[in-house]
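To start, the structure itself, in structure tokens.
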Amino acid sequence: MRTIRGIPTVFTPSRALEWHCAGTDFLVALVLALPGRTFSTGAIWDRFASIMPESQWALVIGSIALVRIAALTINGHWRRTPLLRALTASIGAGLHAYLAMLFYVPSVSAFGIGAAFSAALAISDIRSAYRAGRDIVVAGRVWDMMRSAPPAPLPEGFSP
Amino acid sequence: MNSILTTAGSYLTAAEPWKAVIASVLGFLAAGLSIVGGVIKQRRAVDTTVPDQAPAARPVTFRLHPDDRELIGDAREAAMELTRAIKHLTGATEDGTVATEGNTAALKRRGGRP
């Protein structure tokens, strides 16, 4: 019951972009972790393979995605969550800008689809960081109000 | 002019292997600046998060004439004496303690009428 009450807080329109980026990263990590050699499907992956193997890429991208999903899930239940969201959005922006430049191989294509998608995700994360920054102030005000005028305790034996 | 272009070209060539890292750092910094911008923007915005607190109700006080104060004082003393007398007669106890006997039984024991 408590979880059901928390869902409207976790999934709000202002955080949709963050969920989108986190979900995309998670799926990319899943595809890289699944059996098969994605890096052998084209010359565009050569630079990725030269940095680290496919499984390690899956681990790095998947870890960032899971941290973001965790931050979004507990959002609203902990005061520092907006700050955590802002930090993970910044990391996401750095990661996607990095991927965009790795996908950008002029000898293969002028501006590949992978580079375009990653650049769009990087811009989305910069926008998400802005929204999270605004939420930091809002959360601070709400918690200050809760501290000065705490809500009445629930009756004994009452479970919302 | 050619020397400037040559120098710029050499810098770009040198940065070529690092372009992904540079882009990543720039993306991270842009997000950091966005956070700061969001915080500043929200601090300047009118706060609609917390509703305006209702002003505290002014405590009600009675202003009495000095004669009435004396009357009230006498009544208070009379009430205290009456309370003390009833307590003495009935054996009543303070709140939180259990009386050892009922008021009627205490009055009978002391020779009073119930």
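Just for the stretch A:89-108: of the residues that are surrounded by 18 or more Cβ atoms within 10 Å (Cβ to Cβ) and touching a residue at least 60 places away in the same chain (Cβ under 8 Å), which one is farthest from A:F26 (Cα to Cα)?
Across the stretch A:89-108, the extreme among qualifying residues is A:V105.
Could you tell me whether B:A75 is within 40 Å of the chain's Cα centre (by Cα), within 30 Å of A:W143 (Cα to Cα) and modelled with pLDDT of 70 or more?
Judged against the criteria, B:A75 is not a match.
Every residue in the stretch A:37-53 that is surrounded by 11 or more Cβ atoms within 10 Å (Cβ to Cβ), away from chain B (no Cβ under 14 Å) and farther than 15 Å from A:V105 by Cα, please.
A:T38, A:P53 - these are the residues of the stretch A:37-53 that are surrounded by 11 or more Cβ atoms within 10 Å (Cβ to Cβ), away from chain B (no Cβ under 14 Å) and farther than 15 Å from A:V105 by Cα.
The values are calculated or read from the model by the stated rules, or taken from the named source; none is laboratory data. Owing to the predicted nature of the structure, the values given are computational and were not obtained by experimental measurement. Note that we place each Cβ from the backbone using ideal geometry, even for glycine, and neighbour counts take in every protein chain shown.
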